Every structure is written in C-alpha cells, then in structure tokens.
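For reference, the structure discussed in these notes is given below.
The values are calculated or read from the model by the stated rules, or taken from the named source; none is laboratory data. These numbers come from a predicted model, not from an experiment. Glycine gets a Cβ as well: all are built from the backbone with ideal geometry, and neighbour counts include every protein chain shown. Accessible surface is based on the protein model in full, side chains and every heavy atom, while ligands, DNA and RNA are left aside. Shrake-Rupley method; radii C 1.70, N 1.55, O 1.52, S 1.80 Å.
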Amino acid sequence: MPEPNKAKSIMLMGTGSHVGKSILATALARIFYRRGIRTVPFKAQNMALNSFVTLDGREMGRAQVAQAEAAGLAPDVRMNPVLLKPTGEACSQVILDGLPVGTMSARAYHQGYALRAFDAVKASLEELRRDYELLVVEGAGSPAEVNLKDHDIVNMRVAKYLHAPVLLIADIDRGGALAALVGTLELLDEEERGLVRGLVINKFRGDVSLFTPAVDFLEKKTGKPVLGVLPFLEHLGIDEEDSVTLEETERGTAKQDAPLKVCVVVTPQLSNYTDFDALAAEPDVDLCYAKRPDALEGADLILLGGSKNTMGDLSFLYRAGFAEAIRAEMARGQAVLAGICGGYQILGTRLIDRQGVDGAHERPEMEGLGFFPMETVFTGEKILAQTGAVCLDWRLAGARQRFAGVTVQGYEIHAGRTAFTGRTVSLLEVRRRGDQSLSEPAGALSADGRVLGTYLHGLFDADGFRRSFLNALRERKGLAPLPPQVNRQRERQAAYDRLADAVEQNLDMRQVVEMIEQAAKEREEGQAW
C-alpha cells in the first residue's frame with residue numbers, strides 16, 4: 001500500500017570521515033529550504049565532542065544544529081537520536097534521544113547496544129517523515145567498513161530503511177579520491193550499490209576542465225554519474241561535527257596584524273571548541289589553537305574550553321607543561337584567563353570523581369590550577385539546559401569597561417557540581433534555565449579581575465558581550481575601543497547562502513531532484529522490498 005504523507009529523502013555518504021558529508025548536507029538543506037520545501041536534516045548516530053542542548057533540555061550533535069539552522073528550523077533531538085561522546089580509553093558516553101544512558105566500550109556498543117539503539121533511529125525517522133516533505137540524511141565514516149557493517153546503524157541500514165538515493169562523496173584534496181570511490185563501491189553488496197545513484201568529488205582546487213578525463217573514467221568504471229565537482233571552499237564559518245577540523249581551524253584564523261592574541265589551549269578531550277568561533281570572526285583578534293605551551297607567550301586572553309574528560313585533560317595540562325606556562329603568563333601580568341565548563345572546573349583548587357563519572361583518569365582526586373577557591377565533585381546527574389543570564393557588576397583589571405546588565409544566552413552541559421570554599425565575585429546572574437525562571441549567581445571572577453569562569457557555553461556568541469569583552473582587552477593594552485564589528489546570526493545566515501550558492505553552481509540539482517523523485521516512486525510502488 002502507498003504510504004500517505006511520507007517525506008522523500010536523499011542520503012549523503014562518504015568514502016571516509018571528513019570528506020564533506022556534513023557540509024554538503026548543510027548546503028542541500030539550505031537549497032531545498034530556499035525552494036520552499038519543508039526540509040529536515042537527519043543523522044542516525046553522531047560521534048562528536050561538539051554538542052548542543054535543545055530547548056527541551058536534550059543533547060545533540062552540532063553539525064545537525066547547523067543543518068537545522070540552514071533549513072530554517074529549531075534544533076530537534078529527533079534529527080540526531082544517537083550521540084556518542086568519546087571519553088578516552090576506547091569508551092564513549094551514549095546519548096539516546098538526547099539523554100545519557102551510560103558509558104560503554106566500543107566493543108560493548110557495537111556488538112550489543114547499537115542494534116537496539118536503531119529502534120530509536122526508526123522512531124525518529126517515522127516522526128520526521130510525517131512532519132516534513134524532505135529528509136536530508138547524513139551518513140558517518142564509510143559504508144564499506146566491513147568490520148563494523150553488521151552493527152552499523154548510520155549508513156546503509158538507514159538508506160535501506162528509507163530506500164533513499166545515496167550520493168557518494170570523495171575528498172580529492174586528500175588524494176586517492178578515484179580509488180576511494182571505486183573501492184567503496186566494490187565493497188558494497190549489490191543492493192547497496194543500487195542505492196548509490198551518483199558520485200560527488202569534493203574540495204577540488206584548480207581548473208575543473210582538466211578533471212574531465214577522470215570524470216569519464218569514473219562514470220565508465222562504476223556506471224554511476226558524477227553529479228558534481230565541488231570547489232574547495234575556505235573559511236565557511238559553519239559548525240562541523242568535531243575537533244577533527246581543528247587542523248584547518250588553526251591554519252585558517254591567523255591574523256598576524258590583529259592586536260589581540262587569543263589562545264585556546266588544545267587538550268586531548270577538548271569539546272565544544274565552537275564556543276570560540278565568533279572570536280575568530282572579529283577583525284582585531286588573532287585566534288590560535290595552542291598545542292604547545294610556548295604558543296601561549298604574549299597572549300592577551302588564554303581560553304580553557306569544555307572537556308569530556310576534565311580530570312584527564314587537567315592531567316595533560318600538568319604533563320605537557322601547559323599548567324606551568326599558564327601560570328607564567330599570568331605572572332607577567334598581560335594575560336586574562338577564562339575557563340568554560342570543564343575549563344572552569346580546572347581553574348578551581350580540587351576536582352573529585354570517586355564514581356568514575358568523568359571518564360578514565362589516574363586517580364579520583366586531583367589538584368586544579370588553583371585560580372579559584374572552589375571544589376568540583378562529579379556526580380551521575382547531568383545538567384542539560386538552555387540558559388539565559390545577565391552579567392553582574394564586574395570589570396577586568398586594568399580596564400574601566402563594566403559589564404553590569406549585559407545579557408548572554410547559551411547552554412549548560414556538565415556533570416560536575418561546584419562549591420566555593422572561599423570568597424569570590426560572581427560573574428553572572430542566571431535568569432532562566434530551561435523553562436524555569438530564577439535569580440541565581442553563577443560563574444566566578446578572581447580577586448584581581450584577570451581570571452573568570454562559567455559553565456555557560458556560547459558566552460562569546462553574544463555580540464554585545466563579545467565586543468565589550470574585547471574592548472576591555474583593548475583598553476588594557478592602551479587601545480581605543482571599537483564599535484560592534486560582527487553580527488553573528490547575520491553572518492551565519494550569509495554563510496549558509498554562500499555555501500548553497502556554490503553547491504547549486506557545481507552540483508547537477510536537476511539530476512538530484514530526479515533521483516529523489518524516482519526513489520520515492522519506487523518505495524511507494526513497493527519496489528524497495
């Protein structure tokens with residue numbers, strides 16, 4: 001029987017990780033949204049340390065948040081029903097329908113839990129197919145990983161369930177793209193190869209006309225049309241799924257003539273590094289991701305970000321010499337130090353995890369960096385909430401700029417409970433957490449006004465706060481303040497449009513639409529079974 005009012009679908013798979021599936025899914029979401037089609041993104045299972053909290057207090061991957069925004073939608077956990085957050089030692093916290101269900105080894109998850117999690121995937125798919133006209137579905141890694149295939153719930157199992165036409169993407173900038181496409185198709189079974197309706201070459205540099213012989217070869221060898229050769233697009237300004245992109249972020253943000261040097265300390269379990277993307281967009285900020293302690297030298301602002309294993313990352317800071325380097329920079333008097341979430345916890349005097357909630361680490365108690373008189377105890381209860389706050393009356397040492405009343409919006413994701421053991425200045429007053437109104441002091445500022453910390457992710461996304469903060473840093477250096485430079489929301493929307501324009505110019509959208517329609521017709525007629 002035909003299925004009434006069920007959305008059509010298209011699926012993007014890759015020859016490997018980080019070939020551009022997420023970005024192309026974002027582009028297609030924007031393209032179809034601009035055409036007036038009610039489009040929703042979907043990824044069955046995401047493995048990422050970058051996550052986001054929805055309005056109803058559930059956690060999902062950042063890539064699907066960007067795709068939702070491109071499609072004109074509020075993030076919805078149904079877009080990413082399974083999220084795996086690596087904690088180290090081949091283990092991940094498993095988030096199902098936006099809520100944590102436990103920490104599992106890779107073996108336990110793939111060989112025991114994954115297929116049960118697919119029930120949640122199917123439930124989300126059916127609800128989205130009822131509510132929207134088109135699903136833009138993203139796979140993960142490669143569909144040809146033979147060691148994982150029997151338990152894979154994010155690639156061909158989803159494509160078969162939806163009878164979705166698949167575009168197979170290769171990254172030519174890495175090299176070996178032709179072999180990767182041919183090899184991937186060879187490793188698929190006949191039914192799976194039948195679902196692959198077209199090939200896409202991504203991240204091409206140079207004269208595309210010189211690539212024509214390769215296109216001809218691919219089409220003859222595989223029997224699949226090459227639907228597009230997409231250019232290498234730099235400085236997209238769009239969130240991707242994980243810190244796998246940090247290498248490109250390092251190369252792409254340096255502005256040697258910018259007067260403010262801002263350094264993010266890169267730790268092994270750094271999460272939600274997108275908290276700092278807005279700083280990179282400011283013209284007076286040279287943002288670097290510091291992988292060596294000497295990179296912090298001369299910093300105006302040192303940032304410690306979130307972590308999926310805070311005590312493990314704290315141990316790394318000591319071993320790698322970052323703790324000593326941070327203290328040395330603070331002793332020189334130029335730098336301001338800020339910690340967000342896990343970074344905030346690290347700034348305290350002690351961290352305690354007797355239950356192993358925080359992940360694998362050397363011992364259940366550790367000394368923090370000692371900038372705040374506070375202790376953090378890790379418990380099984382996880383705080384997940386969108387949060388609105390206003391700044392209390394404080395200022396950075398050496399600057400007259402005061403922050404009283406400046407509003408900030410963000411979200412909280414943390415398991416630790418922090419208590420102060422001495423006097424501190426509160427940074428914020430939380431006015432809303434989820435759907436609850438309240439008046440609660442939060443965060444901390446050191447007595448000398450040079451160290452601050454908060455659990456609030458997204459602090460620097462607030463345009464007013466970010467420019468005021470940077471102007472305070474400028475004032476500390478004897479520089480004049482600047483008027484607002486960046487409208488974060490407007491720039492993100494413009495980035496989605498630039499991406500969509502580039503993809504529409506280089507991808508055969510007519511064939512893409514025909515493939516979507518043909519697959520939907522096949523499903524309706526029962527040819528998928």
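Percent of Cα-Cα pairs per 5 Å bin, from 0 to the last occupied bin, for the stretch 344-425, please list those.
3, 13, 16, 18, 20, 15, 8, 5, 1
For the stretch 410-479, state which trypsin sites (Lys or Arg not before Pro) are in a DSSP loop and have at most 11 other beta carbons lying within 10 Å of their beta carbon. Show your work: numbers first, answer last.
Details: sites: Arg417, Arg423, Arg431, Arg432, Arg433, Arg450, Arg466, Arg467, Arg474, Arg476, Lys477; in loops: Arg423, Arg450, Lys477.
Sparse-neighbourhood loop trypsin sites (Lys or Arg not before Pro): Arg423.
For the stretch 130-205, what Kirkwood radius comes out of the mean inverse Cα-Cα distance, in Å? Spell out each step's value before the answer.
Details: mean 1/r = 0.0749 Å⁻¹.
The Cα-based Kirkwood calculation yields 13.4 Å.
What FRET efficiency would be calculated for the residue pair Tyr318, Asp173, taking the C-beta separation as r and a Förster radius of 35 Å, to the nearest 0.05?
Numbers: r = 37 Å, r/R0 = 1.06.
My answer for the efficiency is 0.40.
Please give the FRET efficiency for Ile37 paired with Glu491, using the beta carbon to beta carbon distance and R0 = 22 Å, rounded to the nearest 0.05. Present the calculation step by step, with values, prior to reporting the outcome.
Details: r = 25 Å, r/R0 = 1.13.
Approximately 0.35, to the nearest 0.05.
Whole Å is fine, so just give me how far the alpha carbon centre of the stretch 371-403 lies from that of the stretch 124-144.
38 Å
How far, in nm, would the chain grow between Gln111 and Glu365 when pulled straight, counting 0.36 nm per residue and subtracting the alpha carbon separation?
Once the chain is fully extended between Gln111 and Glu365, it gains 88.1 nm.
Does the stretch 392-516 classify as rounded, prolate or oblate by the C-alpha gyration tensor (a ≥ b ≥ c root eigenvalues; a/c under 1.5 gives rounded; else a/b over b/c gives prolate, otherwise oblate)? List each step's numbers first, then the result.
Values: a/c = 3.34, a/b = 1.77, b/c = 1.89.
Oblate, because a/c is 1.5 or more while a/b does not exceed b/c.
Given q = 0.15, 0.24 Å⁻¹, what are the Debye log10 I(q)/I(0) values for the stretch 45-132, with equal point scatterers placed on the Cα positions and solvent ignored?
Each listed q corresponds, in turn, to -0.54, -1.21.
Using 0.36 nm per residue, how much length does the chain from Glu504 to Ala397 gain when fully extended, once their Cα-Cα distance is taken away?
Values: separation 107, 0.36 × 107 = 38.52 nm, distance 5.02 nm.
Gain on stretching Glu504 to Ala397: 33.5 nm.
Given Cα positions, please report Rg to Rh for the stretch 406-479, the hydrodynamic radius being the Kirkwood one. List each step's numbers first, then the result.
On the way: Rg = 13.7 Å, Rh = 13.9 Å.
Expressed as Rg/Rh, it is 0.99.
Helix 509-524 against the longest principal axis of the chain: what's the angle in degrees, Cα atoms only, rounded to the nearest 10?
Rounded to the nearest ten degrees, it is 70.
Over the alpha-carbon set of the stretch 1-107, divide Rg by the Kirkwood Rh and report the Rg/Rh ratio to two decimals.
Values: Rg = 15.0 Å, Rh = 14.8 Å.
With Rh from the inverse mean 1/r over Cα pairs, Rg/Rh is 1.01.
For the chain, what is the convex hull volume of the alpha-carbon atoms per residue, in Å³?
Expressed per residue, the convex hull around the Cα atoms of the chain is 149 Å³.
Where does helix 322-332 land angle-wise versus the long Cα axis of the chain, in degrees 0 to 90, nearest 10?
Approximately 50 degrees, to the nearest 10.
Which whole-number percent of Cα pairs in the stretch 84-216 have a distance greater than 26 Å?
Result: 37 percent of Cα pairs exceed 26 Å.
Treat each spin label as a single point 7 Å out from the Cα along the C-beta direction, and report the Arg354 to Ala258 distance in nm.
4.5 nm
Which percent of Cα pairs goes in each bin when the distances of the stretch 291-347 are cut into 10 angstrom slices starting at zero?
Calculated over all Cα pairs of the stretch 291-347, the distribution is 25, 58, 17, 0 percent.
Please report, in cubic angstrom per residue, the volume enclosed by the convex hull of the alpha-carbon atoms of the stretch 346-394. Spell out each step's value before the answer.
Details: hull volume 4.7 nm³, N = 49.
Spelled out: Cα convex hull of the stretch 346-394, divided by residues, is 96 Å³.
If I stretch the segment between Ala480 and Ala447 completely, what's the gain in nm (0.36 nm per residue apart, minus their alpha carbon distance), one decimal?
9.3 nm
Applying a 10 Å radius around every beta-carbon, put 83-95, 401-413 in order of their mean neighbour count, most first.
Working: 83-95: 20.6, 401-413: 17.8.
The most tightly packed comes first, giving 83-95, 401-413.
Ile346: accessible area at probe 1.4 Å, nearest 10 Å²?
Spelled out: Ile346, probe radius 1.4 Å, area about 10 Å².
Would you mind putting 149-155, 287-293 in packing order, based on average other-beta-carbon counts within 10 Å, highest first?
Peptide ranking by packing, descending: 149-155, 287-293.
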